[in-house]
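Q: Pasting a structure here, questions to come.
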Amino acid sequence: MRLCTLEKFHTIVVQLHDNPDADAVGSGYALYKYFKFKGKQVRLVYGGPFRIKKSNMLLFIKELEIPVEYVVSLEKPELLLTVDCQYGEGNVQPFEAEHIAMIDHHNTGRCSDGMVEIRSNLVSCSTVCYDMLKAEGFDVNSDKSIATALYYGLYMDSNELSEIRHPLEWDMVDLLQIDKTLITKLTHANFTLQEMETAGIAMIRHNYDSKKRVSIIRSKPCDPNILGIIGDFVLQVDCIDVCIIFNDCQNGYKLSVRSCVPDVAANDLAEFLTDKVGNGGGHIDKAGGFIHSSKFEQLYDDLSIETYFFSRVDQYYDSYSVVYAKDGIKDKSGFKLYKKLPYVYGYVKTTDMFPKGTECRIRTFEGDVVVTVSEEIYLMIGYYGEVYPIEKKIFQKKYKPEEKPFCRVFEYPPSVRKLNNHKIYDLLPFAKQCVCVDNAFIYAKHLENPTKVFSKWNYEKYMYGNSDDYICFAYEDEKDIYLVKQEVFLKTYQEV
């Protein structure tokens, strides 16, 4: 759905979920301003049994002069646009309207067509709205209050940016021109004395698995940010490597995950814990998620939520193997020789983009890779837009370079970020074509079980492969070990 498709309506009510949080208010306010700019009669409202009372929310609304209204009834508008929620859900006060539209980042399964934009791969609705506004050519930085509102929405829904999992969200953080003084003020008005007491009680009642060095903690209902505060504190205990903190909330359970060991990425564990019952993600050390109570009851009706977490943690630790590239492949049985198919690929000489010695971060869906610019380091762009570094000597053996520009359209264009100023540069304008030569060989085999690979490159996290993916190592260097997704491997390699 495009925002421009809603411009045919004259009277528009932007509705937030009951007792709205920063993400709902921030994204709703941005849309309110957009439709005001388009000359519409627009209101920003919420209903439900409670008015907003949290100190940070009241300060947020006051400082940005956000015209959000608490209503118990509503004159029937042409369009009711629910934001950060979906019409018909239990946390949305029902109001009548001639037409209904929805923008959200929670996949409840209720909506599939019509005037709906649901992006469950994003951690905040503010990010959805940011991207939709950009698609209409609307400059969110033209009004600092809009940029600040969107930023704070993302900031709070991602547990202070620790649960961001999509490149678009990092781009949003970098590009928004915000009121930093206000954000600082808001972060110091985040919870109350009562919430501090809630955090203390939760830590006293912790559960602990000494073999796995994992702590699982149930908190009383509280603001999601408190879960992260508890987790950050608990992880400072000398015998705890991983902690999971959760509480009951509307329609399910909110959880926060922390890890300080390299072979357990918090975002992977969060995704594992919420698989089939919700959604989760974030960073290597900090992540979060949500479990829908309805989905949980359908699949695990005979389990308590505490038993579920302990059971899933056991399954997670038993579910994968770890390979360290520095140690090489100890058992080469099952590996076969493969040849890369002669498709047109893209390549970039890192020195064509930056001076030697520049540290830059490659941004892809699979994570960030840090490389130091050198005449000996190139970047490859694969069939599906995947990006990976390659040494010049290996490139020259495997590929024939061409001077033609590499012009392809991908879901998310690969990019590079300079670490010294965090500025983003698209890779594609610098990319040229190359094709495989006859001796582009690798050794590979189908994974027998999920595997984590710590590669020779400066990956900030392990590469993760499912049991249907492939583990590979270079023909010329058995310590150049990496994983390739099954769909990519079958499309681009052929057994010799």
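Q: For Val25, work out the one condition from (1) open to solvent by less than 40 Å² (accessible area, probe 1.4 Å); (2) modelled with pLDDT of 95 or more; (3) more than 30 Å from Met196 (Cα to Cα) it doesn't fulfil.
A: Unmet for Val25, out of (1) open to solvent by less than 40 Å² (accessible area, probe 1.4 Å); (2) modelled with pLDDT of 95 or more; (3) more than 30 Å from Met196 (Cα to Cα): (3).
Q: From the list Glu403, Glu391, Glu375, Glu366, which one is at pLDDT 85 or above and more than 17 Å from Lys432 (Cβ to Cβ)?
A: Just one listed residue meets the conditions, Glu391.
Q: List pairs: first residue in the range 113-137 and more than 11 Å from Ser27 (Cα to Cα), second residue β-branched (Val, Ile, Thr) and part of a loop (DSSP other than H, G, I, E, B) anywhere in the structure, Cβ distance under 8 angstrom, at least six positions apart or on different chains.
A: Hits for this filter: Val123/Ile164.
Q: Could you tell me how many of the residues in the range 155-180 are more than 16 Å from Asp21 (Cβ to Cβ) and not hydrophobic (A, V, I, L, M, F, W, C)?
A: So the answer is 10.
Q: When you check Asn247 against the structure, is it in contact with a Gly (Cβ under 7 Å, 6 or more places away or on another chain) and among the polar types (S, T, N, Q), yes or no?
A: Considered against the rule, which asks whether it is in contact with a Gly (Cβ under 7 Å, 6 or more places away or on another chain) and among the polar types (S, T, N, Q), Asn247 comes out as no.
Q: Right, here's the next one. Among the candidates Ala149, Ala189, which residue alone is surrounded by fewer than 17 Cβ atoms within 10 Å (Cβ to Cβ) and among the hydrophobic types (A, V, I, L, M, F, W, C)?
A: Selected residue: Ala189, the only one of Ala149, Ala189 that is surrounded by fewer than 17 Cβ atoms within 10 Å (Cβ to Cβ) and among the hydrophobic types (A, V, I, L, M, F, W, C).
Q: While we're on this one: Do we have any residue at all in the range 362-382 that's open to solvent by 60 Å² or more (accessible area, probe 1.4 Å), without any contact (Cβ under 8 Å) to a residue 60 or more places away in the chain, over 29 Å from Gln486 (Cβ atoms) and assigned to a loop (DSSP other than H, G, I, E, B)?
A: Yes, the conditions are met somewhere in the range 362-382.
Q: Could you pull out every one of the strands (runs of 3 or more DSSP E) wholly within the range 452-496 that has 1 or more residues that are more than 26 Å from Tyr317 (Cβ to Cβ)?
A: Qualifying strands (runs of 3 or more DSSP E): 470-474, 493-495.
Q: Applying the selection to the range 334-356, what residues are at pLDDT below 90 and outside any strand (DSSP E or B)?
A: If the condition is that a residue be at pLDDT below 90 and outside any strand (DSSP E or B), then Leu341, Pro342, Tyr343 are the ones that fit.
Q: Of all the residues that make up the range 28-55, how many are open to solvent by 10 Å² or more (accessible area, probe 1.4 Å), in contact with a helix residue (DSSP H, G or I) (Cβ under 7 Å, 6 or more places away or on another chain) and either assigned to a strand (DSSP E or B) or free of Cβ contacts under 8 Å to residues at least 24 places away in the same chain (or both)?
A: Here the count works out to 1.
Q: Looking only at the range 138-182, which residues are closer than 29 Å to Lys38 by Cβ, of a type in the set (Val, Ile, Thr) and either touching a Cys at 6+ places or on another chain (Cβ under 6 Å) or in a helix (DSSP H, G or I) (or both)?
A: Within the range 138-182, Val140, Ile146, Thr148, Val173 qualify.
The values are calculated or read from the model by the stated rules, or taken from the named source; none is laboratory data. Remember, it's a predicted structure, so these values are computed and weren't measured experimentally. Because the Cβ atoms are built from the backbone with ideal geometry, glycine has one as well, and the counts that use them run over all protein chains shown. Ligands, DNA and RNA are excluded from the accessible area calculation, which covers all protein heavy atoms including side chains. Shrake-Rupley method; radii C 1.70, N 1.55, O 1.52, S 1.80 Å.
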